[in-house]
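Got a structure here, written out as structure tokens. Questions coming.
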Amino acid sequence: MSDQGGANDAKPHSDLNSDPEGAEMEALAEAEQAGGLHAEKQRLEGEVANLKDKFLRAYAEAENIRRRAEKEVADAKTYGIASFARDVLNVADDLARALGAVEAEAKEKAEGAFKALLDGLELTERSLQKGLEKHGIRKVEPVGEKFDPNLHQAMFEVPDASVPNGTVVQVVQSGYVIGDRVLRPAMVGVSRGGPKVAPGEAKAENGSAN
């Protein structure tokens, strides 16, 4: 009986060994399942990469929009008063002309009501300039500086061999800048006939060459 039972117990193993086709199909099924899982993994990884790329692009675009908005707000704050400031400059010009029309000797000898009037004009001009500076508007008075077409408007040339050619030697009307923009260029007279390079600049160039 025991021998017969042992023979029966060993029979399933012999059945598996005697069915290689079934084992092969099972192996193929497992391989196919593994291949399907690998393909699914690749698909999901591709979707993740695609979503990550879209997120980064959207984030970059949002940052650009934020920076543009901040710049527009800053520009509006800085340059929003430009039109009004140009009108105020006319008042500043009138004050400067009124004070400039009075000779220095007359100012020194001024007394009474006339002196009070001059003092009032000077005080008003200083207050106006401080108010402009408070809002980022600076006066440009470039006498002695090299002519800069971005800041100055040449009205005439002045023959002068004592200063480098292209030096601002006279200001007809003061210029103004607001922030980093020109509100009004300075109207100037520019020297002609002098050396092309300032002596200090020439020495610097010679020193660097040596």
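Which of the residues that make up the range 157-179 are closer than 30 Å to residue 77 by Cα and in contact with a Ser or Thr (Cβ under 9 Å, 6 or more places away or on another chain)?
Listed by number, the residues that qualify are 178, 179.
Select from the range 121-141 the residues that are in contact with a Leu (Cβ under 7 Å, 6 or more places away or on another chain) and buried (at least 17 other Cβ atoms within 10 Å of the Cβ) and write down the one among them that is nearest to residue 79 (Cα to Cα).
Selected residue: 137.
Still on this model: Scan the range 168-185 and tell me whether some residue there is farther than 19 Å from residue 89 by Cα, outside the structural domain of residue 90 (by TED's automatic domain parsing) and surrounded by fewer than 16 Cβ atoms within 10 Å (Cβ to Cβ).
Pass one, the range 168-185, residues farther than 19 Å from residue 89 by Cα: 168-170.
Applying the additional criterion that residues be outside the structural domain of residue 90 (by TED's automatic domain parsing) yields 168-170.
Applying the additional criterion that residues be surrounded by fewer than 16 Cβ atoms within 10 Å (Cβ to Cβ) yields 170.
Within the range 168-185, one or more residues are farther than 19 Å from residue 89 by Cα, outside the structural domain of residue 90 (by TED's automatic domain parsing) and surrounded by fewer than 16 Cβ atoms within 10 Å (Cβ to Cβ).
Being touching a residue at least 24 places away in the same chain (Cβ under 8 Å) and in contact with a helix residue (DSSP H, G or I) (Cβ under 8 Å, 6 or more places away or on another chain) is the filter; apply it to the range 90-118 and report the residue that is surrounded by the fewest Cβ atoms within 10 Å (Cβ to Cβ).
Here is the first cut: in the range 90-118, the residues touching a residue at least 24 places away in the same chain (Cβ under 8 Å) are 91-93, 95-96, 99.
Then drop every residue that is not in contact with a helix residue (DSSP H, G or I) (Cβ under 8 Å, 6 or more places away or on another chain), which leaves 91-92, 95-96, 99.
Values: 91: 12, 92: 20, 95: 17, 96: 16, 99: 14.
By that ranking, first place goes to 91.
Results for (1) at pLDDT 80 or above; (2) within 30 Å of residue 121 (Cα to Cα); (3) not in a helix (DSSP H, G or I), shown as yes or no for each residue.
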| position | (1), (2), (3) |
| --- | --- |
| 15 | no, no, no |
| 23 | no, no, no |
| 49 | yes, no, no |
| 55 | yes, no, no |
| 64 | yes, no, no |
| 94 | yes, yes, no |
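Looking only at residues in the range 114-140 that are part of a helix (DSSP H, G or I) and in contact with a strand residue (DSSP E or B) (Cβ under 9 Å, 6 or more places away or on another chain), which one is nearest to residue 102 (Cα to Cα)? Spell out how you get there, then give the answer.
So in the range 114-140, the residues part of a helix (DSSP H, G or I) come out as 114-134.
Checking the rest, the ones that are also in contact with a strand residue (DSSP E or B) (Cβ under 9 Å, 6 or more places away or on another chain) come to 129, 131-133.
On the way: 129: 20, 131: 25, 132: 24, 133: 26 Å.
Of everything passing the filter in the range 114-140, 129 is nearest to residue 102 (Cα to Cα).
Checking residue 156 against (1) assigned to a strand (DSSP E or B); (2) surrounded by 16 or more Cβ atoms within 10 Å (Cβ to Cβ); (3) free of Cβ contacts under 8 Å to residues at least 60 places away in the same chain: exactly one of these is not met. Which one?
(2)
The values are calculated or read from the model by the stated rules, or taken from the named source; none is laboratory data. Remember, predicted model here, so these are calculated numbers, not experimental data. Because the Cβ atoms are built from the backbone with ideal geometry, glycine has one as well, and the counts that use them run over all protein chains shown.
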